[in-house]
Every structure is written in structure tokens, then in C-alpha cells.
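This report refers to the structure that appears directly beneath it.
The values are calculated or read from the model by the stated rules, or taken from the named source; none is laboratory data. Note that the structure is a prediction, hence the values are computed from the model and not measured. Note: ideal-geometry Cβ built from the backbone for every residue, glycine included; neighbour counts use all protein chains shown.
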Amino acid sequence: MRPDLTDGHTVHFHGFPNAVPAFDGVPELSVGVPYGRSYTYYYRPHDPGTYKYHCHFEDIEHVSFGMTGIVFIRPAADDKWAYNDSSTAFDREFALLLGEVWTQERWEGAHIQEHDWSDYDPDYWTINGRVYPDTLEPNSDPMTTPAIPRLQYQPISSLITCNSNDKVLLRFSNLGFQRQAMRVDGLTLRVIGKDAKFLGPLAYDTDTVDISAGETFDVLFTAPTVTTPTTYLLYNRKLAYLNNGGLPGLGGQMTEIRVSPSGVPAQGEPNT
Amino acid sequence: MRSLVSKSLRATLLTLTLVLVVAAASPITSLSAQAPGEISIVCENETAPGIYNNAVSLVTQDGYIGIPDGNTVYMWGYALDVDIDLVAPGVQYGFQHPGPTLCFTEGQAVTITLTNLGFSQLPSLTDAVSIIFPGQTGVTHDDGTPGLFTGEADSGGGTVTYSFTASLPGTFIYGSGTDPQKQVQMGLFGAIIVRPTLGPNFLYNWTSTQFNPANDYMMLLSEIDPDLHWAVEQGLPYDITLFHPRYWLINGRSFPDTIAPNDAEWLPTQPYGALLHIEPFDAASSAFNYSAVRFLNVGMRNHPMHPHGDHIQVVGRDGRPLQGPLGEDLSYAEFGPVIGAGQTKDTLYNWEEIQLGPSGSLGLPTDIFEALNQFLLRPRDQNIMWGEWFSGSPYLGQTTDRPTGVTAQGECGEYYQIWHSHALHEAANYESGFGGMITLERIDPPGGCPP
Amino acid sequence: MQTRAIKQIRLSLALLIVTVLLVGAPVMASPQTAPQTAPQTAPQTAPASRIAAAPVVTPLAADVTINLCAEASTSDGHLTMPDLTVIPIWGFSNGGLTGNCADVSAIPSLPGPTLTVNQGDAVTVNLSNQLGENVSIAFHGQGLPADTVGAAASGGTTTYTFTASNPGTFLYEAGLTPNGAKQVAMGLHGALIVLPATSPATYTSEKVLVLSEIDPVLNADPAGFNMLDYAPKYWLINGEAYPDTDVVLAPAGTTLLARYVNAGLTEHSMGLLGLDQMVIAKDGHARPAFRAVSETLAAGQTMDTLITMPATVGARYPLYDTNRHLDNNGASLGGMMTFIEVTSVVANTPPTASISAPADLSSFVAGTLVTFTGTGSDTEEIDVTASLAWTSDLDGPISGSGGTVSTSTLSVGTHTITATATDSGALTGSTFITVTITP
């Protein structure tokens, strides 16, 4: 849509401890990668946890336009633990990357207009790049047309399914610019990690994951024992944002936790 | 220790000077060699090293500050009244933004007298002013006119004297308790640091809060809605419900002014920088080299800060150590510290050479050199966009030759990391990115840059 | 067996009383009304002094039934802001038996009535919906999945049951039916308090502080309002903006439990001047306790803090939103602000209760709406009428509380109806009448 664009880009591994500038991705303080060139970033992660990565070249625009993703580091002790502590064991894990879309800036970008960031005013709110109810759709492959064709380039599902008594890990990461209040009605969430640090004895129960721009949270819950399939809503309690473009009805950063008595197969990849 | 600089009190002259120096300084300021004392916290009431005057006299002033996009903003502020403070005779303190940082030692009996001299640009204003001290206990006031939050100093030279014992170590905000939505936004605020009995190299009476006193930093976060300031300056009405910030500041400056040193001559009304200037943490060293970074937020918004480089360790909130009722250690590490409106957060920070070591001294596997070769071999000049603060070498303390025409801000191959609000639209001056609520962390090679 | 004539006279009388009471009914704006709980027993330890007129803590769990109505306010229930702007609301009110809430004399309030139950209670909540759209209720922290269907419009009902297993401060509010977001913003929210089974050693008084916002453009036309335009102009504590906010009273040298409930749509940072607070729980879950001056609650979050009063009687300390929402639609000073005032610790004397209607030895036909009216008086406090709890020795607690309660479900027989007033020192005073219900 904008073949004239020759922006450079970088990758910033957000939160990587003791980072060196050369591999930290801030172009003014190290290097940017020019159009048509390649650059290799090197990391040796020492610290498990949930992080995020994003472009830091003209970052207001590039992050806002979607150059974002979650990255997490598995602990050496066990692939099914969040940290090197058995209390962080899980059966299933789901990455939930929060973001916002400001359609005015998207129009401007498509039409070669400038942005006034001080007027930032998003009108859509996303988990893994989708709004509710698209958040419930299954994963897809961007190289093939999915059941809902318009979701082809938003391939990551946010639907959470599990069996009674499963331990489920939710990796929250916020790459929007706003503070959000992600809550579940009817389940207790346990925050075991914050910003890729294991909380240990400071872990706490909550109903709300109060997550600002740039933070991450590792949240465990144990699915209750149910006799019939039961659905819990995971949603953003900032209710003025729980819609799609201001249209009536529920939308935005919401997904479902569907607990079955049994029968949900063991999880392979995250977010399945 | 702050050097005393003669300042003009005439607002018009100040404005002229400011416009000229802002024009000259934009967009990037270069750094000269800095000793740590010229960067970190300035205790304006310090009369001898570590000795603080506990009878402080403040007056109201007004003036202008500069934003790197070329704009100036009309501000109100607290300023030290020269008559009572022990400074050289004949030296006048003019308007400054933010108000003077005041330091005390735990247990000092503090009196702060505020005289309302009004605002020279607006001689017809009859606003009272005051100061409230969130986090302090037992604050009383003599004289002054009773106001909603505290005693107030009436216009036309009215005074009020506040008294309290600085019984709690930590980092505190002081700001106006009169029509605070307007007056704090206009600039009536500052920071108070209380040093614990344990010593000036601790944040609290808690040995886990030790830091290198040469690396004592503050980041006082604020916002500016220039329309509100314009309305006040012009005597026009303003609807606070339409508050819409366009500028975001650290210690009263927007990036890149945040990395200029304290008392930069080209920022005469904005004396406080926000550059961190450290060396790598060395566990084997006898010198204790953690930094203290004290966050304060006087804005109406919460600000999610993000230090690149490493986690910070949060050890205190609002002048209270993060310890449980039985002394349990509740401190924790984060890379996304959120500073709530009206709150303070005391943190410790260090950066350690774990990844690369000097010239690859950490015995890394050879595949890293594939990655590092992209810096060392030509034709790298077409393969990378060279950042201004990039030395050319990925290793700390090393530089390489630069391509023709590339500006170099660094000195001796030191590292720079960015600290910024992750509400990224706040990392801007109005609509221009790479401004606003940003500062830098400078990591010198061990021993500092060669002189 | 009564003749039809006599029945009609009794019915007319009952209706007359109801009408009179509807006109003169006190506005159910106080969030401190306590619904029925288990029958009162003597306190087993030193009385827990509470500012809220809460019943005495009993360790025995009980079945509790609460009837709530969801209604739009009429002129009686509209809010009036300090700048005299009148704001229509949607709110919950106590009462509302099956069908249509027509028998409820209570007026919808913002926030809705504070529901107080004991740890372990098996709670049933009957919702009767008078709004023109589906409404459900979410009881935060009670283990209930979201109800996205709710009670149908214009008279629909639905029932929620849960066991209040965990003590703490919780938010109840309109649930996630399609229009749930607007419904919460219109005022359909309130506090749910689950009292601990054992008396707390750490505090002797408590205060519920429900935080909320109002965008008057939304309230004027909810159907036509686009939530992207949500821009509050009023900032409330317990449904009032400063200077109309309640002063929080706490005795010198004691510790107050502040139960903050953020029913708003955005975060709020609540702080103190001259005092600090120890944060001990959020969302009804205990946290490692830490001290701060101001702490932020996320949208929909609750927070419990302990605030220790100094010894100076009469001292006042601002309690306010440090995000500085201190205006009423732009007029300073207003908004989300109040004061904590230190009161003296005086010897407490019990209150007295009196019943003014119906007369002693009255008789009603089963199914008739019977309205009980009474007052509670106390030497140390202005008015403890809101604390009145009514019980029947045959049927147990009567739904509702305060100076006026109504029921049409008294069983046939001769009832001793007892009205008990409780003061903030948890001392009680009772009186009773005899009422006969005939077939």
C-alpha cells in the first residue's frame, strides 16, 4: 500500500536484562537496519519469563502500526514451568499480547499524511491482534486462507480451553499505550511473575491483571472442577474500551476460558 | 553542589534569551565530560556537604521554559528567597522549573516559609498559593489564611510558614494545595529528599537500600497542556475537563534537554537534568556502585516508565520502605515501573557486563563473532544506519572510525541506553517523536572515560 | 374467616399506608443499609466498632436472601451534583419481589445498596429488572461465571446463588449482557462486603468508599451514546462529589479499614494528606501488606487499606484522588475528595428502637403487603434508623432493612415482629409488636 516507504527497522527485546546497546535495537543509540539490508541480533537469555519485542525505529509509529510480538524464555528446569520453580508448573499456556488500533492514524499512514501523536485516541482494542469475537477463532496460517478470510493476517487465537483442574498459564504483555484492567469473573488468578521476574513469596491472588504499557505478567489459574462445560469471560474492565469502534455490543479485549469436565487434548503449541 | 549562577529577573529578557538559546540548542545537545556531581540530584538548601538548611524560604515566581520543538511555555514556580538562605550576598534566585529540590536529614525540624509575591506577568492576579506535603506527617502551619487543604499565603506578599519534622526518609512531592488542578499544572511543585539516619548512601534505614551517593538521581514526571498555560498567561478562561497534555517532562525538561547537565547555560530556567551516568556493576569491587533512581509523578496521568538496560529494584513507595509489618522484604524488580499520579517510587539500579565483556572477554562461543562481524567488516556502512550515540563498536569502551558525515555524540565508546515512558505518545514533543518523557543512561567503561 | 368488607378495609388501609410511605419514604441513598442476615447473637469478643451499621459478626453461616431491583431513576432518584446539575441514573435498590418491583418503595441509588453478608453464608440474590433491556449482575470474587443473558427487560427476573466463602470487599455490578458497559456507567453497581468469621484484631471501624464517574451526556441519552466519547465530568465517592461527599469518621487512636471499590471505567489513585495507609488486600485477596500514601486501583478493582488515626480529636485529613479529579465539571474544588475526621472515643450507650406501624396486634390476610415502619435513636449518633433489622419469630429475617420494610410473604400465624437497631459500637436495642396473619 505504501511502496514509497523506505523506513529502517530494528528489533528491541524489551526487558532483556543487562542488554548491550548493539543488540538492544534503539537506532539512535546503536544501529538501524536500512531498507533492503539485514542484521543479526544476538541474545543469550539467562532469565526465564515473559517479555515482548518490537521495532524501536520511530517507535511511536512502528509499534502503533503493529510491529510487535511476544517472546518468552523457558526455564532450564522444565518446559512446562514458567520459572525455575515447581510451583510455576502448568498444563497449558496462552500468550496474550494487548494492543490498540487508532484508525485515524492508519488512514493517515495509508494516505501519506502526518500524525499528531498527542491526539492519540484508539478506537479498537486487541488481544493477539484480534478483537472480540474474533479472539475466539482458532489459529490459522497466514499462508493460507482461513475460515474467516479477513483474519488471514491475524493468525493467533486467544481462546483458552482446558479441562477441570488444569493449571493454565496466561502470559500477558501490553504493547499498547494504555493501561488495561484484564479480569476474569468467577476464577481467581494468581500472579506469579511480573516483568520476567519470579515473584516467589510475593506471588498474589487477584481478579484483575492491572497492566500498563510495557509491562508483562505471568498469571496462573487452576480450572475449577466442572460437571458441564463452563465458560468464563476474560475481559478488559475498562468498559469504555470493551467495544469495536464504539458500535453497540461487546468487543475489544475479551476472550473466553472454556472449561470442560474432560476431553480437551493435551496442549502442543501455546494458544492451542 | 550547585554552582551559583547570576540570573535575570526580568521576564522579557529571560524570554528573549530563552528563545535564542533554544533555537541554538535544538535538536541535539552534545555532552562534554561530566563528573557525576554535575548530573545527579541537586540539594538546593545544602550549605555544606551533607548539611541542609532546615529553615527554607520560598517565594512565587513566574517565567518561561523551553521545549525542544521551539515552543516556550509560561510557567509558575516556587523559588528560593535569597534573603534567608545562606548564599552569597547579592545573588538573586529567579524563576526555576521545577521548584528547588530540598533535602533534609531524618529527624530535622523543618520550617518552610512561603511568600506570595504573585506572578510578574500577571500583576492583577489575586490568587492565593500554598504548599502541601503528601507523605509528611504532623505538618502544621502558622499564620496564613485557612484554605481547604492547608494554610495559604494571600496575594500581595502574604506569607504562611509550614512546620514538620522530617521523620520519614524517602522521596516526597511538595506542591500547591490551592486550586491544585491549575496551580500544580502551572508548575508549583518540587521534590523533597529525606536522608535516613543510616547515612546518605542509603534510601531508607534498611541496609538493602545502599547506593553510591555520587549516583543519586531523580526523575520527576510531569505533563504540560500548553493551551492551559496560554489561557492563564492571557487571562482567558480554561476548562480543566478538556485537559490535553502535549508535552511530557522529566525534571522540568523534555528530551533531548533531559540529557543536558544540571545548570546548562542554554536552559537557564530549567536547571535539572535527568541523565544517568554510571559504570558497570562489579560484584568484586569494594566500591558499592548501585544507583538510586527516585521517581516522582506530579501529573494527572499515571506514567509507565521503561528503563532499557536492566530491571530496577523497587524498594520504597511514597517515602515508606517496601517492608511488611514485621520487616519482611517486599522489594521487587521490574522493567516496567508505573508511577501513579501523585506517587513516588524509590528504586535501585545497576547494569552488569554479562553479555559481551570487554572485547569479548567472557569467553563466548565463536558464533557470536559472526554477529559481531557485521560491525567490523566493510561494507557495513551500507548495511547499517549509524546512530548518533553509537561508538561503532559493540564493545564497551571501544570506538571505530565512523562513516563520513555521521555525527558522533559519544566520547570513548561508552554505552547509552534509553529510559522512556512506554505510553509511546508521551515520548514526543507534541507530535514529534523521540522527545518528551525520555532520558538516557550513560555507561562508561570501568574507571570512566580517559580525561 | 373475614368478610369481604373487612378484607377490603384492611387492604385499603395497607394501601394507604404504602401510599403515604411511598410519598414520604426516605431516599435509600445511604450505602450502609444492611440487608437481612442470620438472627443476632451476642458478640463473643469485644464489640467490633464499625462506622457502617453492620450487624454483629456471627461465626455461624446462614442462608441469606437479597432481593434487588434494577430501575431507572425518576425525579426522586436522580442525582443532584453540587453545581445543581440533575443526573438521571440506572441503579439497584433493595426489595423487588417477584414480578415487577411495584411493591418497592425504595428508590434506585448510585451506588446501589451495600450488601453485607457473613463469611460462609449461602447467598441467594433475586434480581427483578425494570429497565428496557436485559440486565445481569456480576458478583466479583464469588466464583460465578459471567451471565451474558440476565433478566429480561421490563419485569424479567433471574436468581444468583453463591457461597460467600472469602471475607473481603467486592464489587457487584451489571454484568456483560450486550449493553453491560453502559449499564455500569449509568450507575448499576454497588459494594458487596463479606464479613470475616472471626473478629479482626487490626481495625475497629470501617468505611466503604465506592468510586465512580459520571459522563452527563451518557446519562442524558444512554441509547444514543457512543462509548468512544466517554468523558466523565463528575467524580464521585459513594455517589457524591465534593463538597457533598460524606466525611469519614474514625475514633482517635484507632485503626480504620477503608474499603475502596472502584466502580468506575478507569483507574483511580486514592491518597491521603497527613496520614498514610497500609494496603492489605485487593479484589478481596490478601496481599503482602505495604504502606503507601496513594495507591492506584484499576477499573473494577477493590482495595482494603488500614489507616491509623492519630490522637488529635477533631483533626481532619483529606482523602482524595491524586490523579487530581478535583472538580465538578470544571469547577474547583470538587470531585473525588473527602476528609477523614478524628472523633472522640466516648463510652457508648445502646440505641433504642421503636415501631410506629403497623399497630400492635394488627392482623392481615396472607399475601397482603405489610409495611413495617420504625425508627432507631442513639445518644451518641444522629440516626441509626438505617440499621434497623426486622425479624419474625416464625419466618426469620424480613427482606430489607431500615425505617421501612415491606413483605407480603409472612406465613399464616401469630408473629412477634422484632425491630433491632445497631449503633456503630455494635450495641443494640430492640422492640417488638405482635402481628397476626390470617388465611
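Reported count of residues in the stretch B:389-432, each being more than 23 Å from the chain's Cα centre (by Cα) and at the interface with chain A (Cβ under 7 Å from one of its Cβ atoms), is 2. Looking across the stretch A:63-92 at every residue that is in a strand (DSSP E or B) and away from every other protein chain (no Cβ under 12 Å), the one that is farthest from A:Pro3 (Cα to Cα) is identified as A:Ala89.
Let's see how each residue does on (1) at pLDDT 90 or above; (2) within 9 Å of chain B (Cβ to nearest Cβ); (3) touching a Cys at 6+ places or on another chain (Cβ under 6 Å):
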site	(1), (2), (3)
A:His9	yes, no, yes
A:His12	yes, yes, no
A:Tyr41	no, yes, no
A:Phe57	yes, yes, no
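In the stretch C:128-178, which residues are part of a loop (DSSP other than H, G, I, E, B), closer than 17 Å to C:Pro113 by Cα and in contact with a strand residue (DSSP E or B) (Cβ under 6 Å, 6 or more places away or on another chain)? Correct list: C:Gln130, C:His140, C:Gly175. Selection of the stretch B:113-128 for residues being closer than 25 Å to C:Gly271 by Cα and within 14 Å of chain C (Cβ to nearest Cβ) yields only B:Ala128.
Taken together, the criteria place B:Leu221 among residues that are closer than 27 Å to B:Gly94 by Cα, touching a Leu at 6+ places or on another chain (Cβ under 9 Å) and not in a helix (DSSP H, G or I). Can you find a residue in the stretch B:377-390 that is touching a Phe, Trp or Tyr at 6+ places or on another chain (Cβ under 7 Å) and either part of a strand (DSSP E or B) or at pLDDT 90 or above (or both)? Within the stretch B:377-390, one or more residues are touching a Phe, Trp or Tyr at 6+ places or on another chain (Cβ under 7 Å) and either part of a strand (DSSP E or B) or at pLDDT 90 or above (or both).
As for the stretch A:127-144, it holds no residue that is modelled with pLDDT of 95 or more, under 24 Å from A:Phe13 (Cα atoms) and within 14 Å of chain B (Cβ to nearest Cβ). Would you check if B:Asp239 is in contact (Cβ under 8 Å) with a residue 12 or more places away in the chain and away from chain A (no Cβ under 14 Å)? When the stated conditions are applied, B:Asp239 does not pass them. You will find that of B:Gly66, B:Gly70, B:Gly77, B:Gly99, the residue that is modelled with pLDDT of 95 or more and surrounded by fewer than 16 Cβ atoms within 10 Å (Cβ to Cβ) is B:Gly70 and no other. Condition first: over 29 Å from B:Tyr332 (Cβ atoms), aliphatic (A, V, I, L, M) and either surrounded by fewer than 24 Cβ atoms within 10 Å (Cβ to Cβ) or more than 14 Å from chain B (Cβ to nearest Cβ) (or both). Can you find one or more residues in the stretch A:217-234 that meet it? The answer is yes, given that some residue of the stretch A:217-234 is over 29 Å from B:Tyr332 (Cβ atoms), aliphatic (A, V, I, L, M) and either surrounded by fewer than 24 Cβ atoms within 10 Å (Cβ to Cβ) or more than 14 Å from chain B (Cβ to nearest Cβ) (or both). Among the criteria (1) touching a Gly at 6+ places or on another chain (Cβ under 6 Å); (2) more than 24 Å from B:Gln96 (Cβ to Cβ), the one B:Pro169 does not fulfil is (1).
For the stretch B:246-253, the criterion of being assigned to a loop (DSSP other than H, G, I, E, B), polar (S, T, N, Q), away from chain C (no Cβ under 14 Å) and under 30 Å from B:Pro226 (Cβ atoms) is satisfied by at least one residue. When the stretch A:104-147 is filtered for residues that are of a type in the set (Ser, Thr, Tyr) and in a helix (DSSP H, G or I), the ones remaining, listed by number, are A:Ser118, A:Thr135.
Of everything in the stretch C:205-256, what is charged (D, E, K, R) and modelled with pLDDT under 95? Give them in sequence order. If the condition is that a residue be charged (D, E, K, R) and modelled with pLDDT under 95, then C:Glu206, C:Asp246 are the ones that fit. For A:His46, are the conditions met, namely being within 8 Å of another protein chain (Cβ to nearest Cβ), surrounded by fewer than 16 Cβ atoms within 10 Å (Cβ to Cβ) and in contact (Cβ under 8 Å) with a residue 12 or more places away in the chain? When the stated conditions are applied, A:His46 passes them.
Being over 19 Å from the mean Cα position of the chain (by Cα), within 11 Å of another protein chain (Cβ to nearest Cβ) and of a type outside the set (D, E, K, R) is a description that applies to A:Pro34. Listed by position, the strands (runs of 3 or more DSSP E) enclosed by the stretch B:150-195 that each have at least 1 residues that are more than 25 Å from the chain's Cα centre (by Cα) are B:159-165.
Only strands (runs of 3 or more DSSP E) whose full extent lies in the stretch B:270-339 are considered here, and the ones with at least 1 residues that are facing another protein chain (nearest Cβ under 10 Å) and more than 30 Å from C:Asp327 (Cα to Cα) are B:303-307, B:312-317, B:332-334. Checking the structure you have, find out if any residue of the stretch A:171-180 is farther than 23 Å from C:Leu265 by Cβ and surrounded by fewer than 18 Cβ atoms within 10 Å (Cβ to Cβ). Within the stretch A:171-180, none of the residues are farther than 23 Å from C:Leu265 by Cβ and surrounded by fewer than 18 Cβ atoms within 10 Å (Cβ to Cβ).
Summed over the stretch A:156-165, the residues that are surrounded by 19 or more Cβ atoms within 10 Å (Cβ to Cβ) and in a loop (DSSP other than H, G, I, E, B) give a count of 3. Looking at the stretch A:19-31, can you tell me whether even one residue there is of a type in the set (A, V, I, L, M) and assigned to a strand (DSSP E or B)? Yes, some residue in the stretch A:19-31 is of a type in the set (A, V, I, L, M) and assigned to a strand (DSSP E or B). All of (1) under 24 Å from B:Glu414 (Cα atoms); (2) outside any loop (DSSP other than H, G, I, E, B) hold for A:Ala95 with one exception: (1). For C:Gly367, the conditions (1) modelled with pLDDT of 90 or more; (2) closer than 25 Å to C:Met309 by Cα; (3) of a type outside the set (Lys, Arg); (4) out of contact with any strand residue (DSSP E or B) (no Cβ under 8 Å at 6 or more places or on another chain) all hold with the exception of (2). A count restricted to the stretch A:190-210 and to residues that are within 14 Å of chain B (Cβ to nearest Cβ) and either in a loop (DSSP other than H, G, I, E, B) or out of contact with any Gly (no Cβ under 9 Å at 6 or more places or on another chain) (or both) stands at 11.
Note on the stretch C:141-163: residues that are more than 14 Å from chain A (Cβ to nearest Cβ) and under 24 Å from A:Arg183 (Cβ atoms) total 3.
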